[in-house]
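Worksheet: the structure to be examined is printed underneath.
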Amino acid sequence: MEELLARVAAEARKDPGRVGPVLQVLVGDEPDSPGGLRPVAARLNDVRLAAAHDEFRAGSLTADEVRRRLGLRSRQAVHALRDRGRLLGRTFGNQTWFPAWQLDGPALRPNLATLVGALRRFSDDAVAADRIMRLPRDELDGISLAEALDDPGRRDRAWALLGRLGEP
């Protein structure tokens with residue numbers, strides 16, 4: 001901790017306009033120059049978004065992997081499912097990723113259309129939908145919605161939570 005504080009002090013001496021507003025917010029003060037927080041917030045948001053995208057890809061399948069698991073003839077058939085709203089996917093560069101929880105072995109998850117519809121009431125973004133589905137939830141005894149939907153003892157609670165997505 002001492003090393004961190006020494007680094008903060010050194011940065012504050014070099015560039016007080018950049019460090020000062022952040023420190024003021026940390027101690028509960030109103031920053032003298034709120035505009036100084038913008039670059040810090042932008043950088044933190046970039047880091048957070050990159051981590052969310054990495055996590056999304058780590059729990060997802062490529063179009064080729066989905067094609068093989070579903071026994072489809074082409075990646076275009078997978079993309080057609082996405083285009084028709086039957087699968088959620090997100091493209092990064094020239095690769096599209098599909099959350100793995102949408103599949104149940106060699107088939108689409110039962111009730112996937114209903115599930116995707118519930119998620120789309122909250123967001124059309126596959127990364128946001130994936131986070132909703134994979135984050136542990138206290139209401140489900142610390143497991144995710146994706147896991148709870150596969151658990152007969154928690155399935156009804158999971159569907160109830162999905163039904164309330166987007167509500168205040």
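Every read-out reported here was derived from the displayed coordinates using simple, explicitly stated rules and does not represent laboratory data. Because the structure is a prediction, the values reported are computed rather than measured. Cβ coordinates were reconstructed from backbone atoms using ideal geometry, including for glycine residues, and neighbour counts include every protein chain displayed.
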| task | Rounded to the nearest 0.05, what FRET efficiency do Glu65 and Asp125 give with R0 = 25 Å and r taken as the Cβ-Cβ distance? Could you check? | result | 0.75
| query | Taking Cα atoms, how many degrees apart are the long axis of helix 2-14 and the longest axis of the chain, rounded to 10 and kept between 0 and 90? | reply | 70
| field | Residue among Val25, Ala41, Gly71 farthest towards the positive dipole end of segment 1-97, charges placed on Cβ | value | Gly71
| task | Pop out the ³J(HN,Hα) list for segment 101-113 in order, Karplus 6.51 cos²θ - 1.76 cosθ + 1.60 with θ = phi - 60°, rounded to Hz; leave Gly and Pro as x. | result | 5, 6, 9, 10, x, x, 9, 5, 4, x, 6, 4, 4
| Listed highest first by mean packing, meaning other Cβ atoms within 10 Å per residue, what order do 22-30, 139-147 come in? | 139-147, 22-30
| said: So if each residue of separation counts as 0.36 nm, and I subtract the Cα-Cα distance between Arg7 and Phe92, what length gain in nm does that give? | reply: 27.0 nm
| request: Do me a favour and compute the ellipsoid semi-axes for segment 2-56 from its Cα gyration tensor, root of five times each eigenvalue, largest one first, whole Å. | output: 24, 15, 10
| query | Mind checking Rg over Rh on the chain, alpha carbons, Kirkwood formula for Rh? | reply | 1.13
| request: Would you mind working out the magnitude of the charge dipole of segment 1-67 relative to its Cα centre, with +1 at each Lys and Arg C-beta and -1 at each Asp and Glu C-beta, to the nearest 20 Debye? | output: 180
